[in-house]
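Bear in mind these aren't lab numbers, they're just calculated from the coordinates by the rules spelled out. What you are looking at is a predicted structure, and each value in this text was computed from that prediction instead of being measured. Glycine also receives a Cβ, built like all others from the backbone with ideal geometry; neighbour counts cover every protein chain displayed.
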């Protein structure tokens with residue numbers, strides 16, 4: 001199962017790598033031919049994408065390494081580092097390009113061969129949405145947040161290339177209209193600003209979630225509910241549960257809590273209860289490790305005080 | 001005495017007493033922000049003189065896992081102190097969530 005998951009992740013990173021190489025080549029050629037700032041922003045994003053794909057390839061291999069003496073909880077967090085890195089670099093690009101675009105709005109530059117820009121955008125859109133579809137499929141199968149982040153990146157890049165493509169159509173329409181021709185040179189820097197703004201919002205969200213996960217965020221609400229189901233199902237087999245703690249590390253989830261059991265029961269019975277809870281939680285939540293610690297009751301309930309039998313003994 | 005709800009908490013309590021039974025009506029959301037208020041309230045009632053605590057959740061819009069955790073803890077404390085906690089009424093959404101987790105039979109009078 002683990003090997004299969006690793007396979008899905010490696011497949012996704014390889015697809016991402018090859019698509020990014022293709023995108024960088026196409027956009028570089030288009031930039032030289034068209035001299036467009038919007039393509040430059042788009043190329044910047046793909047260049048970051050390519051760098052992240054290479055890092056992601058090695059991160060996936062590292063994240064799948066089993067826990068060892070140096071990293072007792074495994075290497076899952078490297079996936080969040082990868083996400084955070086991608087988000088921070090994309091925000092940096094967006095800010096830098098916004099300033100350049102603002103200066104170009106004040107002194108617009110000439111655009112050559114806009115139809116090449118349009119056709120290159122069309123190819124980029126196809127590569128991005130096709131890549132995003134496949135990467136999301138692999139992310140679902142592997143449950144990897146880093147691969148999902150890569151899918152988000154691809155989809156976003158697809159929207160950005162669509163906007164760039166539309167901007168070239170507008171440029172050609174404006175240029176051929178006597179009334180709108182003076183506005184045509186402003187379309188390219190305006191598009192670059194729009195793309196930068198679009199880039200910032202999901203990148204900020206990605207940065208936020210990855211930083212939270214690096215700070216040991218709890219598991220999401222659905223998984224919290226799944227933890228409570230076995231605790232409810234076997235409620236009459238333990239006295240209390242406490243100190244429930246959960247944390248996410250890459251696609252792996254760690255859950256631990258304590259159950260109080262009657263002190264009269266044999267150790268083996270207590271162990272059976274703890275194991276049963278662990279097993280059922282692990283079955284319900286994929287990729288999780290559960291540790292249930294047991295402790296004896298303090299004999300402080302009303303039944304014991306009144307010399308009645310313990311309600312949990314049978 | 002129950003303290004003021006925490007900032008950001010979306011829960012309000014109203015209490016009615018009948019002999020050794022306390023009817024506690026909750027209104028709002030039992031989520032991460034308000035679950036500690038509910039836990040405190042239940043703790044206060046379970047350590048008091050009441051033999052039975054009846055919860056009315058008909059005006060509770062939502063209950064999160066944190067809220068369910070509080071209910072499980074309250075159930076366990078009621079067993080420990082030989083008291084009873086019941087849920088008499090609840091909104092459709094809350095019922096669906098409690099049924100999904102399987103907690104509802106623990107709080108039924110039957």
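If you sort the three axes of the alpha carbon gyration tensor as a ≥ b ≥ c, you get a/c of 1.5 or more for the stretch A:189-237 and a/b above b/c, which makes it prolate. Cβ crowding within 10 Å, taken as a proxy for footprinting-reagent exposure, orders A:4, A:77, A:27, A:140 from fewest neighbours to most as A:4, A:140, A:77, A:27.
When both the stretch B:70-110 and the stretch A:1-69 are represented by their alpha-carbon centers, they are found 50 Å apart. For the protein assembly as shown, the antiparallel share of DSSP beta bridges with both residues in that region comes to about 40%. Counting only the backbone N, which residues of the stretch A:1-44 are under 13 Å from the spot 7 Å out from the Cα of residue A:112 toward its beta-carbon? Once the point is set 7 Å along Cα→Cβ of residue A:112, A:29-36 turn out to lie under 13 Å by backbone N, inside the stretch A:1-44.
Classify the protein assembly as shown as rounded, prolate or oblate, taking a ≥ b ≥ c as the square roots of the eigenvalues of its Cα gyration tensor: rounded when a/c is under 1.5, otherwise prolate if a/b is larger than b/c and oblate if not. Here the protein assembly as shown falls in the prolate category.
On full extension, the segment bounded by residue A:214 and residue A:271 gains 17.3 nm, given 0.36 nm per residue less the C-alpha separation.
Is the stretch A:55-125 best put as rounded, prolate or oblate by its Cα gyration tensor, with a ≥ b ≥ c the root eigenvalues, rounded for a/c under 1.5, and otherwise prolate when a/b is larger than b/c, oblate when not? Write out the running numbers ahead of the final one.
Working: a/c = 6.84, a/b = 2.43, b/c = 2.82.
The shape class here is oblate.
Return one number: the angle in degrees, 0 to 90 and rounded to the nearest 10, between the long axis of the Cα atoms of helix A:2-34 and the longest principal axis of the Cα atoms of chain A. The angle comes out at about 20 degrees. The alpha carbons of the stretch A:15-80 give a radius of gyration and a Dmax of 16.7, 55 Å, in that order.
Taking Cα atoms only, the orientation of helix A:114-142 departs from the longest principal axis of chain A by about 10 degrees. With semi-axes defined as the square roots of five times the eigenvalues of the C-alpha gyration tensor, the equivalent ellipsoid of the stretch A:221-305 measures 26, 12, 11 Å, largest first. Rounded to the nearest 500, the helix-only mean residue ellipticity at 222 nm of chain A stands at -24000 deg cm²/dmol, with each DSSP H run of n ≥ 4 adding -39,500 (n - 2.57).
The angle between the Cα long axis of helix A:37-63 and the main principal axis of chain A comes to about 30°, on a 0 to 90 degree scale.
Dimensions of the stretch A:2-214 based on its C-alpha atoms, expressed as ranges along the principal axes with the largest first, amount to 71, 27, 23 Å. Fewest-first ordering of A:299, A:155 by other beta carbons within 10 Å of each residue's beta carbon gives A:299, A:155.
Applying 1/(1 + (r/R0)^6) with r as the Cβ-Cβ distance of residue B:95 and residue B:10 and R0 = 22 angstrom yields a FRET efficiency of 0.70.
Rounded to whole Å and ordered largest first, report the semi-axes of the equivalent ellipsoid of the stretch B:11-107 derived from its Cα gyration tensor (root of 5λ).
Working: eigenvalues 74, 39, 33 Å².
They are 19, 14, 13 Å, listed from largest to smallest.
When both the stretch B:23-50 and the stretch A:149-165 are represented by their alpha-carbon centers, they are found 47 Å apart. Annotation: the antiparallel percentage among DSSP beta bridges lying fully within the stretch B:11-107 is about 35.
Cα-based values for the stretch A:172-290, radius of gyration first and Dmax second, are 27.1, 93 Å.
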